[in-house]
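One structure is given below, represented as structure tokens, and several questions about it will come after.
The values are calculated or read from the model by the stated rules, or taken from the named source; none is laboratory data. Values in this document were obtained by computation on a predicted structure and should not be read as measured data. Cβ sites come from the backbone with ideal geometry, for glycine too, and all protein chains shown count toward neighbours.
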Amino acid sequence: MTAPWSRVSSVSLTVLDILLVAVVIYEVLVMIRGTRAAPMLAGLGAVAAAFYLARIGELVTLNWLVSHLVPYVVFALIVVFQSEIRHVLSDVGRRVSFLRGSAVEGDSYDDIVLAANLFSQHQTGALIVIEREIGLRTYVESGVPMDARLSYDLLATIFRPSAPLHDGAVIIQKDRLAAAACFLPLSMNPVLSTQMGTRHRAAIGITEETDAIAVVVSEESGAISMAVGGKIERDLTAEQLRERLSGELRRYMSPVALPTVGPTDDSDAGEGSALRASVALGDEDSETERPL
């Protein structure tokens, strides 16, 4: 009686093993699709096939070379695919943390939507980074520490064209504004459009390195964009931004009435309100823009 059951158990384990390997391969292919790792992986496969054919053909010199280089291939792959490996591991960690529940406070992030809507109407350039599971301490230390409670008025004040901290990125940690005027890594992805300025490349760069969310407002067109996982979605409305943030943060963000910008006269300029700041910035893509 034990023999049939052992055979069934062995077959079940074999099937499970094959399914798990198939799932892993599928997930890896999905993650690298559309990235620079895809053509590199194809080239690596071509080189491996050439070496295999050389071994079958009994090419002694090439076989000797391959046998001495193979031990170092693993280290070479880690160096070449370090960005993709980091992204895969962070994605796995984010999925595990999702099972424990999200640690962020979603209620405070409506201020980001309201501020992005204001910046879009005024064509004010802005870059807001939201920290998730992977810490952004290195980038926080590159800017001016704030450690202030996140609010719509604070964001509007920081990104005023005349404000000393409007260049660079703002980093949000939970419901706190950790730092402003922060430097971020620029994406070196050659697939990106040449029309993207420094802010957009910085937004993509920080999301390639970490699991953060980056919200960008173009000072040239006022278009709102959001970057996640090294990919950017452009020309979002304020409502679409709220939906994307709600989905990424896995929290419900109730709709809030968005303020509209009406004509202002000279008497309003003396009120000192950050919400009525006029835009004096140049083109986001100009050479005078401070790199992030």
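With the checklist (1) surrounded by 16 or more Cβ atoms within 10 Å (Cβ to Cβ); (2) in contact (Cβ under 8 Å) with a residue 60 or more places away in the chain; (3) over 22 Å from A238 (Cα atoms); (4) small (G, A, S) in hand, flag the one item S162 doesn't pass.
(1) is the only condition that S162 fails.
Which residues, taken from the stretch 213-245, are more than 16 Å from Q123 (Cα to Cα), at pLDDT 90 or above and in contact with a Ser or Thr (Cβ under 6 Å, 6 or more places away or on another chain)?
A214, A227, V228, I232
For the stretch 1-25, which positions are part of a helix (DSSP H, G or I) and either at pLDDT below 75 or under 19 Å from K231 (Cβ atoms) (or both)?
First, pick out the residues of the stretch 1-25 that are part of a helix (DSSP H, G or I): 2-25.
T2, A3, P4, W5, S6, R7, V8, listed by residue number.
Among the numbered criteria (1) over 28 Å from L89 (Cβ atoms); (2) in contact with a strand residue (DSSP E or B) (Cβ under 8 Å, 6 or more places away or on another chain), which one does E239 miss?
(2)
Being assigned by TED's automatic domain parsing to the domain that holds D111 and more than 21 Å from the chain's Cα centre (by Cα) is the requirement here; does L155 meet it? Steps first, answer last, please.
Details: assigned by TED's automatic domain parsing to the domain that holds D111: yes; more than 21 Å from the chain's Cα centre (by Cα): no.
No, not satisfied.
Which of the helices (runs of 4 or more DSSP H) found entirely inside the stretch 102-169 contain at least 1 residues meeting this: modelled with pLDDT under 90?
Details: elements: 110-122, 137-140, 152-158.
Helices (runs of 4 or more DSSP H) meeting the threshold: 110-122, 137-140.
Another question, if that's okay. Say we look at the stretch 206-242 and pick out the residues that are part of a helix (DSSP H, G or I), touching a residue at least 40 places away in the same chain (Cβ under 8 Å) and within 10 Å of the chain's Cα centre (by Cα); which of these is surrounded by the fewest Cβ atoms within 10 Å (Cβ to Cβ)?
Going residue by residue through the stretch 206-242, those that are part of a helix (DSSP H, G or I) are 206-209, 238-242.
Of the ones still in play, those that are also touching a residue at least 40 places away in the same chain (Cβ under 8 Å) are 206, 208-209, 238, 241-242.
Filter again for within 10 Å of the chain's Cα centre (by Cα), leaving 206, 208-209.
On the way: I206: 28, E208: 22, E209: 20.
For the stretch 206-242, the residue satisfying everything is E209.
Going residue by residue through the stretch 76-96, is there one that turns out to be modelled with pLDDT under 85 and in the same structural domain as A214 (by TED's automatic domain parsing)? Steps first, please.
Applying the first criterion (modelled with pLDDT under 85) to the stretch 76-96 yields 76-96.
Subset that is in the same structural domain as A214 (by TED's automatic domain parsing): none.
Looking through the stretch 76-96, none of the residues is modelled with pLDDT under 85 and in the same structural domain as A214 (by TED's automatic domain parsing).
Suppose we filter the stretch 54-66 for residues that are surrounded by fewer than 11 Cβ atoms within 10 Å (Cβ to Cβ) and either touching a residue at least 12 places away in the same chain (Cβ under 8 Å) or not in a loop (DSSP other than H, G, I, E, B) (or both); how many remain?
The first filter runs over the stretch 54-66 and keeps only residues surrounded by fewer than 11 Cβ atoms within 10 Å (Cβ to Cβ), leaving 56-58, 60-61, 64.
Remaining after also requiring either touching a residue at least 12 places away in the same chain (Cβ under 8 Å) or not in a loop (DSSP other than H, G, I, E, B) (or both): 56, 60-61, 64.
Total satisfying the criteria: 4.
Is it the case that the stretch 185-192 has a residue that's free of Cβ contacts under 8 Å to residues at least 60 places away in the same chain, touching a helix residue (DSSP H, G or I) at 6+ places or on another chain (Cβ under 9 Å), surrounded by fewer than 22 Cβ atoms within 10 Å (Cβ to Cβ) and closer than 17 Å to A126 by Cα?
Initially, the stretch 185-192 is screened for residues free of Cβ contacts under 8 Å to residues at least 60 places away in the same chain, giving 185, 187-188, 192.
Keeping just the survivors that are touching a helix residue (DSSP H, G or I) at 6+ places or on another chain (Cβ under 9 Å) gives 185, 187-188, 192.
Narrowing the set further to residues that are surrounded by fewer than 22 Cβ atoms within 10 Å (Cβ to Cβ) leaves 185, 188, 192.
Filter once more, so that each one left must be closer than 17 Å to A126 by Cα: 185.
Yes.
Another question, then. Failed condition for Q195, given (1) more than 14 Å from L118 (Cα to Cα); (2) assigned to a loop (DSSP other than H, G, I, E, B); (3) modelled with pLDDT of 90 or more, with all others met?
Q195 satisfies all of (1) more than 14 Å from L118 (Cα to Cα); (2) assigned to a loop (DSSP other than H, G, I, E, B); (3) modelled with pLDDT of 90 or more except (3).
Going by what's in this entry, would S187 be described as among the small types (G, A, S), out of contact with any Gly (no Cβ under 8 Å at 6 or more places or on another chain) and assigned to a loop (DSSP other than H, G, I, E, B)?
Values: among the small types (G, A, S): yes; out of contact with any Gly (no Cβ under 8 Å at 6 or more places or on another chain): no; assigned to a loop (DSSP other than H, G, I, E, B): yes.
Here the answer is no, as S187 does not meet what is asked.
Quick test of your reading of the structure: E58 fulfils all but one of (1) of a type outside the set (G, A, S); (2) at positive phi; (3) modelled with pLDDT of 75 or more. Name the failing condition by number.
With (1) of a type outside the set (G, A, S); (2) at positive phi; (3) modelled with pLDDT of 75 or more applied to E58, the lone miss is (3).
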